[in-house]
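Report on the structure given below.
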Amino acid sequence: MDSLSIRIGGSAVCCRIFCLAARCPPLLGVRIMMHSLSVIRMAFILSVKRSMQYRWDFMIDGLLSLTTAILQLLPLFVLFNERGSVAGWSFEQMLVLMGWYMMLTATVEGLIAPSLAAAVSGIRTGLFDYILMRPVDSLFLCSLVDIRLWKSIDFLFGLVLAIYAFIQLDVQLSLINITLTIILSIGGLATAYALFVLAIAASFALVRVQNLISVLTSLLGFARWPVHLFGMPWRLIFSFLIPIGIMTSYPVMALLGMLTLPLAMGALGTTTFFFIVARLVWKRALRGYRSASS
């Protein structure tokens, strides 16, 4: 068959896979990547359409989300009211960390958590079957089911806060620090994604997995504080066993020139481990899936 027509959300996405691509892995990889980008584009368009159907709800949710983000700064002002630093971190450094935390939570609460939570509902009702029938990676498609665009307001607020605080620090950036920060930021987001995938994979066997998702969301709250704030053995636990520190502290430490190379390599190793384990657990869970609609 020369071409494959894929219909997602009522819109057709055409993807041609020729026999030449099968004999040329790089070409096949490019076509798969282009197809994935098409799926992302369609998911984003559908989310925009859903948001525009209820514009006032979008504005109210965005305003409430922004208000919550601003209120998260109050503990920092109280904490630094009578002290110059906490666990070796100054007020401006903590603001950079808080900005990073807001960007992380905006991505998790705006994309990862709601999309994977919708997958849990689909597993219970049998709607998950429709995801499995589509010629797209099931985990990839599950991650795009529910995109909450108003969370982009939180993301932008966190980004502006981090940039403002970083300018106040007057730190000299280097190409190595910038590169390491980008890599660790992607790794931190991948780690958060892997933890939620592990929780969702449990939904194939457990019923009340929503409680586990709530626990993960609560644990993310610790990511707003630097990992140095925790004593041993909690610092090791939050760095490698429950890698919350890798999500925010390590990228900010790399940006500020506070991260050593061994810690950076350990963080990347931990991220890779969790991501691979999450992928393997997801595939194993799929093999044991039994349709609720059959």
Based on the mean of other Cβ atoms within 10 Å per residue, sort peptides 226-237, 184-195 so the most packed one is first. 184-195, 226-237
Can I get the semi-axes of the stretch 237-294's equivalent ellipsoid? Compute them from the C-alpha gyration tensor as square roots of 5 times the eigenvalues, in angstrom, largest first. 34, 11, 8
Which length gain, in nm to one decimal place, applies between Arg55 and Ile186 when the Cα-Cα distance is subtracted from 0.36 nm times their residue separation? 44.0 nm
Assuming R0 = 25 Å, what is the FRET efficiency of Asp129 and Thr272, from their Cβ-Cβ distance, to the nearest 0.05? 0.20
What FRET efficiency, computed as 1/(1 + (r/R0)^6) with R0 = 51 Å and r the Cβ-Cβ distance, is obtained for Arg83 and Arg290, rounded to the nearest 0.05? 0.35
At a probe radius of 1.4 Å, what is the per-residue accessible area of Glu109, in Å² to the nearest 10? 70 Å²
With charges set only on the Cβ (+1 for Lys and Arg, -1 for Asp and Glu), what does the dipole of the stretch 93-173 come to about its Cα centre, in debye to the nearest 20? 160 debye
Apply the Karplus curve 6.51 cos²θ - 1.76 cosθ + 1.60, θ = phi - 60°, to the phi angles in the stretch 277-285 and return the couplings in whole Hz, x for Gly and Pro. 4, 4, 5, 5, 5, 4, 5, 5, 5
Accessible solvent surface per residue of the stretch 94-227, calculated while the other protein chains remain in place, 1.4 angstrom probe, Å²: 44 Å²
Chymotrypsin sites (Phe, Trp or Tyr not before Pro) within the stretch 34-130: which are DSSP loop residues with at most 15 other Cβ atoms inside 10 Å? Tyr54
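The values are calculated or read from the model by the stated rules, or taken from the named source; none is laboratory data. From a predicted model like this one, the values you see are computed outputs, not experimental measurements. Quick reminder, even Gly has a Cβ in these numbers, built from the backbone with ideal geometry, and neighbours come from all protein chains shown. Surface areas here come from the heavy atoms of the whole protein model, side chains and all, with no ligands, DNA or RNA. Shrake-Rupley method; radii C 1.70, N 1.55, O 1.52, S 1.80 Å.
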